[in-house]
Amino acid sequence: MATLEEQLVRPQLLQRRQKLGEAISRFEEKTDLLRLLEEVDAALERLDDGSYGLCEGCHELVEEDRLMADPVIRFCLDCLTPYEQSALEQDLGLASQVQTRLLPDPHIEFAGWEFAYHFEPAGPVSGDYCDLIESGRDQVLHFFLGDVAGKGVAASMLMTQLHAMFRSLIALDLPLHELTERVNRLFCESTMSGHYATLVSGRALGMGRLQLCNAGHCLPLLVREDEVIKLDLTHLPIGLFCVGKYSIQRLQLALGDTLVLYTDGLTEACNATEDEYNLDRLVEALKDHRWLSTPELVKACLDDLDLFLSGLPKTDDVTVVALRRLA
């Protein structure tokens, strides 16, 4: 809990205390504000005496992602009252619905490109970020795939934040590397220390031209008629440092070439013997199924993962994206 305290919890609690103090000085009705202030002060006391993060019911550890989402939480999931459990289930269900509605259509053809993906949270909500933005004016397809560090509610909140940032800035028509740098700075300045995300941002242009900017994400794969190429130009994840420089990798795709992106929930999935699915197996699966349509190619990768897991459940969010040049 020491690392969590130093990097995340205490600064967030102190910031909440400051804002509550400012609000109390301005409003006449102070009852609810004073109650919230007491909860914050109690959490700070638990940090000081070393009991922070321990459930007051069973004295086991409270789930870390819930603490990061709400640092005044005092009980673990198992010790919630039936009413609290019902309310939490409703909140998670609503969050899942909101996240699903932020996703693009699962299969799109636009301006000579075909796009398909599969998005699978490990729980009710996901820390994976997947988006596609069509620009009819200049016939450009903007696409993004990211993975926020962590799992659960806190990661899903940051995923939504990334979605809003890119959607807001895309209208500025910045070069791809400058767009990524702008989002990196905003993400770094608006989140707590220790939060970061890996990300691939891209633009599909006319005549098979493709631009990629990789911020510490899994290596993109270019699937061609007789080979699968690992695109290894990468930079630091976003959110680690507010000032970061990124560069663009420019590609020329032939007709039928396919770009495949994925999150590490695919390549780092482990079977019963603790072997990882790994990148090499994904490459072989893509070689074996490269003639399939993009939705079928994505499904073939997931089917191969299921075969590898032999019935074991996935323990991390999994997203796979395929982008193919059609014209």
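Every read-out reported here was derived from the displayed coordinates using simple, explicitly stated rules and does not represent laboratory data. The model shown is predicted, which means the values in this text are computed figures rather than measured ones. We place every Cβ from the backbone using ideal geometry, glycine too, and count neighbours over all the protein chains shown.
State the Cα centre-to-centre distance between region 20-74 and region 155-231 in whole Å.
Cα centroid to Cα centroid, the span is 35 Å.
What is the helix-to-structure angle for 31-49, meaning the angle in degrees between its Cα long axis and the longest Cα principal axis of the chain, kept from 0 to 90 and rounded to the nearest 10?
Rounded to the nearest ten degrees, it is 80.
For the chain, find the longest principal axis of its Cα atoms and tell me its angle to the long axis of helix 10-26, 0 to 90°, nearest 10.
60 degrees
Using the alpha-carbon atoms, what tilt in degrees (0 to 90, nearest 10) does helix 294-309 show relative to the longest principal axis of the chain?
Once rounded, the angle reads 60 degrees.
Between E64 and N278, what is the label-point separation in nm under the 7 Å Cα-to-beta-carbon projection?
It is 2.6 nm.
Taking springs between alpha-carbon atoms closer than 10 angstrom, which of R66, R203, R35 fluctuates most in the Gaussian network model of the chain?
Maximum among the listed residues: R35.
Extension gain S135-E38, at 0.36 nm per residue separation less the Cα-Cα distance, in nm? Write down the numbers at each step before the final one.
On the way: separation 97, 0.36 × 97 = 34.92 nm, distance 4.96 nm.
Extra length from S135 to E38 when fully extended: 30.0 nm.
Lysine pairs in region 98-325 8 or more apart or on different chains: how many have alpha carbons under 16 angstrom apart?
4
Fewest to most neighbouring Cβ within 10 Å: what's the order for S135, S156, S310?
In order of increasing Cβ crowding within 10 Å: S310, S135, S156.
In what sequence, highest mean first, do 285-291, 217-223 appear when ranked by Cβ atoms within 10 angstrom?
Answer by packing, highest mean first, reads 217-223, 285-291.
Per-residue counts of other Cβ atoms within 10 Å, averaged by peptide: what ranking do you get for 167-175, 256-264, 12-20, highest first?
So the order, starting with the most tightly packed, is 256-264, 12-20, 167-175.
Highest GNM mean-square fluctuation, the chain, Cα pairs closer than 10 Å: which of N271, N214, N184?
N271
If packing is taken as the average count of other Cβ atoms within 10 Å, what order do 295-307, 38-50 fall into, highest mean first? It would help to have the intermediate numbers written out before the result.
On the way: 295-307: 17.3, 38-50: 15.4.
Going by the mean number of other Cβ atoms within 10 Å, highest first, we get 295-307, 38-50.
Spin-label point model (7 Å from Cα, Cβ direction): what's the F27 to R167 distance in nm?
Each label point is offset 7 Å from its Cα along the Cβ direction, giving 2.8 nm.
Please state the relative contact order of the chain as a whole percent: Cα pairs under 8 Å, 6+ residues apart?
Relative CO of the chain lands at 17 percent.
Can you work out the FRET efficiency for the pair K287 and L309, with r the C-beta to C-beta distance and R0 = 25 Å, to the nearest 0.05?
Calculated value: 0.75.
What number do you get for the chain when its Cα radius of gyration is normalised by 2.2 N^0.38 Å, N = residues?
1.11
Describe numerically, in nm with one decimal, the distance between label points set 7 Å from Cα along Cα→Cβ at A327 and at L302.
2.8 nm
Mind checking which of L61, I24, L47 is farthest towards the positive end of region 2-79's charge dipole, using Cβ charges of +1 (Lys, Arg) and -1 (Asp, Glu) about the Cα centre?
I24
Of the trypsin sites (Lys or Arg not before Pro) in region 218-259, which ones lie in a loop per DSSP and count no more than 15 other C-beta atoms within 10 Å?
Filter output for region 218-259: R224, K245.
Work out the charge dipole of region 194-327 with +1 on the Cβ of Lys and Arg and -1 on the Cβ of Asp and Glu about the Cα centre, then indicate which of M207, Y277, L233 is farthest towards its positive end.
M207
Let me know the charge dipole size of the chain about its Cα centre in debye, to the nearest 20, where only the beta-carbon of Lys, Arg (+1) and Asp, Glu (-1) is charged.
The calculated dipole for the chain is roughly 1380 debye.
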